[in-house]
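Working notes, structure below.
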Amino acid sequence: MEIRVQDYVIQIDFVDRLGLAYEIFEVFKNRKINLVGMEATSNERMLIKCQTVREYLQALMNELITIEGVKALELKDYLLCEQREYELSTILNSVSEGIIAVNNKGVITHLNEVACRTFFCSKEEVIGKDIDQVFQAKAPILHTLKTGQPYSLKEVKMQKDHRSIHFLTSGLPIFNARGQIIGGVATITDFSQIEEIVSKVGAKKRLTTFEDIVYQGPAMSRLVETAKAVAKGNSTILLRGESGTGKELFARAIHMESNRASGPFIAINCGALPDSLLESELFGYEEGAFTGAIRGGKKGLFEQAHGGTLFLDEIGEVSAPVQVRLLRVLQENTVRRVGGSREVPVDVRIIAATHRNLEDMIRAGEFREDLYYRLNVFPLRILPLRERREDIPFIAQHLIRKISLRLERPEFCLTKETMEFLMKQDWPGNVRQLENVLERMINIMEIEGIKAEDFYSWMNLPRPAGRERQGAGEERGLRSESGTGRGPEGEIEAEIRDEMREAIARRSGTEAEAAGFQQSRVASAVIESIETRSPNTPPVLTGGMEARGLRTVEAVGLAEKGATDATGQARGLPVRVKDENISSGAGVRVLHVMIPFTAKWPPLKTIVNEVEKQVLISVLAKHPSSRKAGRVLGVSSTTVLNKINAYGIVLENDED
């Protein structure tokens, strides 16, 4: 019969007296029982760990209780120090980071299981060794032991047994009650953990729910309810819809509604990457798979999305070779890294999206039919704005609130007229186009509301009859998104030039001859400025250069004003500000620019430049700063400064 020796811990309660401990140890010696350890907790209790067989244990305890001063005996599972060690080990192993503790000599005293996995070692192999032997370089914690200074997130790369180890480490010193350094603790975070954390946290921050989707009409209500029902399962979903309809928004909402909401959501635009890069991103690669591959390889998005959702946007752009690999992953639920031979099982839900007609692509041989059926398990068509016009006012106001908050501008409400106008548009770019137009207008306009008329300057829309002339001089900022391409700097000059050309064409030739003017003449170009709207609103030229805005006057009448020199050539062009003979509304200033000429008209460029110069002088007289003048004229302050320098204008009281 085999005799089995076991460890036993005996707790002895006693009344202290001289020689008591000696008598207790003599009992163990006489019975030839091996002592493993002893621990005294006070003058009334001690614990002794010994090795014996169970049959001898009772006889041992019967003899110990007869010793004078021994009050009670009890079997325990651990020595107190062993219990504390066990508790410490449990705590260390419960954290996700690696932990290594060293004494003041840099010798390892503790490490947890995560650290063992990171360094491909066991506790028995490294405890009691110098930490330099583990790091294979000068460990940062050694500097902390010398200086007492902690460190944070130092990157370390090393090789061990042909394996690449890449991690971040932070360290703290351990002080005793007298302030002496008695050791240190270093934390180890494997770089793959960091990549996974960043992926999960970044995805969580961007995730939305169905509550974040703005809609009001019955069509979208049915679509959302259907999507919520489908989200509960694990079936592959194919989202179809035009560009800008919010397919990724639905994908994120479906993920958050599913049983995988606690897992990662990872999105990739398949059309944004070349085939070779897309393949390595999706499936990962092994070390040395290609030039530039990082040591240790890299997990692909399928592996990173394990337990969660992978969103494959623009699936219709994937090439035939990648389609084959995708099909295998969907069929087998395993992935093989580029350059690898091992099949890695993955648990991933696939949500794909496309704006293309996959059926036509199949007939054209551009998309695999078998992959199509794997993806098209549950198709959802996201409606364009023109099919849910009743939602446009709610979406527009939601976008205004979001854009205003981001741009730190005051929020405003759309008028009823504007709402009706927006609902009549087709919006081929859908929500994305609507958001872009609203953002442009919020950036440039200094008003509390947007009117329907304002949209003609920002969208490629034909104006209704009767509005062409009214809109010719409006909104002196940027042109429409598909308009002439003129920037704000040249807008006034270009507008004046166009109007002048029209007026000159109407007045040239026959009218001038019929007037019978044989002497030198002066053309008076009249620009009606500036209907006051708001201090922060760009001006509107209310009258433009109409037929009455270009007229001829006998030179005799202006000779006293110095319009010409002795040769009859135009010199300084005098400016008069007056309102006689001009039909204008109250509060409207009229600027007359007198342009002398002989029998021949001056070049159009000279006329335009002089008009621009005098307009600028007039505005600067009232607003003597480039910034204020630029705001009045609807151009940048840089443009105003350039014009001031070009025309040699001197500002006597420059507020800038």
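The values are calculated or read from the model by the stated rules, or taken from the named source; none is laboratory data. The shown structure was predicted, so the numbers you read here are calculated from the model rather than taken from an experiment. For neighbour counting, all protein chains shown are included, and Cβ atoms are generated from backbone atoms with ideal geometry for every residue, glycine included. With ligands, DNA and RNA removed, areas are computed over all heavy atoms of the protein, side chains included. Shrake-Rupley method; radii C 1.70, N 1.55, O 1.52, S 1.80 Å.
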**Prompt:** Put +1 on the Cβ of every Lys and Arg and -1 on every Asp and Glu Cβ in the range 39-195; which of I65, S192, I181 then has its Cα farthest towards the positive end of the dipole?
**Reply:** I181
**Complete:** Neighbours of N269 by Cβ distance under 13 Å: Lys/Arg at +1, Asp/Glu at -1, summed charge -4
**Prompt:** At what distance in angstrom do the alpha carbon centres of the range 21-54 and the range 229-281 lie from each other?
**Reply:** 67
**Asked** When all protein chains stay in place, what accessible area (Å², nearest 10, 1.4 Å probe) is found for Y373?
**Response** 140
**Fill in**
From highest to lowest solvent-accessible area (probe 1.4 Å; ligands, DNA and RNA excluded), E281, E387 read E387, E281
**Message:** Among L371, F283, I382, whose Cα projects farthest towards the positive end of the dipole of the range 263-415, with charges put on the beta-carbon of Lys, Arg (+1) and Asp, Glu (-1)?
**Reply:** I382
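Around E366, under 15 Å between beta carbons, what's the net of Lys plus Arg minus Asp minus Glu among the other residues? Numbers along the way, then the final one.
Working: positive: R356, R363, R368; negative: D275, E314, E317, E359, D360, E369, D370.
It works out to a net charge of -4.
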**Message:** So, taking all protein chains as they sit and a 1.4 Å probe, how much accessible area belongs to L616, in Å² rounded to tens?
**Reply:** 10
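Could you give the accessible area per residue of the range 226-341, probe 1.4 Å, as a whole number in Å²? Before the final figure, lay out the partial values.
Values: 4690 Å² over 116 residues.
That works out to 40 Å² for each residue.
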**Request:** Report relative contact order for the range 1-114 in percent, whole number only (criteria: Cα-Cα under 8 Å, sequence separation at least 6).
**Result:** 29
**Prompt:** Excluding ligands and nucleic acids, what accessible area in Å² is computed for R222 using a 1.4 Å probe, to the nearest 10?
**Reply:** 150
**Asked** Roughly speaking, what is the centre-to-centre gap between the range 612-646 and the range 320-387 when only Cα atoms are used, to the nearest Å?
**Response** 59
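Using heavy-atom solvent-accessible surface (probe 1.4 Å) with all chains present, what is the largest-first order of W601, W427?
Numbers: W601 85, W427 5 Å².
Ranking W601, W427 by accessible area, largest first, yields W601, W427.
Of M256, M419, which has the most accessible area with a 1.4 Å probe, and how do the rest follow in descending order?
Details: M256 65, M419 40 Å².
The ordering from most to least exposed comes out as M256, M419.
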**Complete:** In the range 97-145 the accessible area split gives carbon plus sulfur, as whole percent at 1.4 Å, a share of 51
**Fill in**
A 1.4 Å probe over the protein heavy atoms gives the range 342-443 a carbon and sulfur accessible-area percentage of 51
**Selection of trypsin sites (Lys or Arg not before Pro), the range 340-375, meeting DSSP coil and at most 15 other Cβ within 10 Å** = R342, R356
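Considering only Cα-Cα distances, which of the following residue pairs are longer than 27 Å: K32/K76; K129/K299; K402/K451; K622/K643; K451/K613; K228/K416? Display every interim value, and only then the final one.
Numbers: K32/K76 21 Å; K129/K299 33 Å; K402/K451 19 Å; K622/K643 17 Å; K451/K613 32 Å; K228/K416 33 Å.
Result: K129/K299; K451/K613; K228/K416 exceed 27 Å.
Per-residue counts of other Cβ atoms within 10 Å, averaged by peptide: what ranking do you get for 173-179, 630-636, 428-434, highest first? All intermediate terms of the calculation are to be shown ahead of the outcome.
Working: 173-179: 10.7, 630-636: 21.0, 428-434: 17.7.
Ranking the peptides 173-179, 630-636, 428-434 by packing returns 630-636, 428-434, 173-179.
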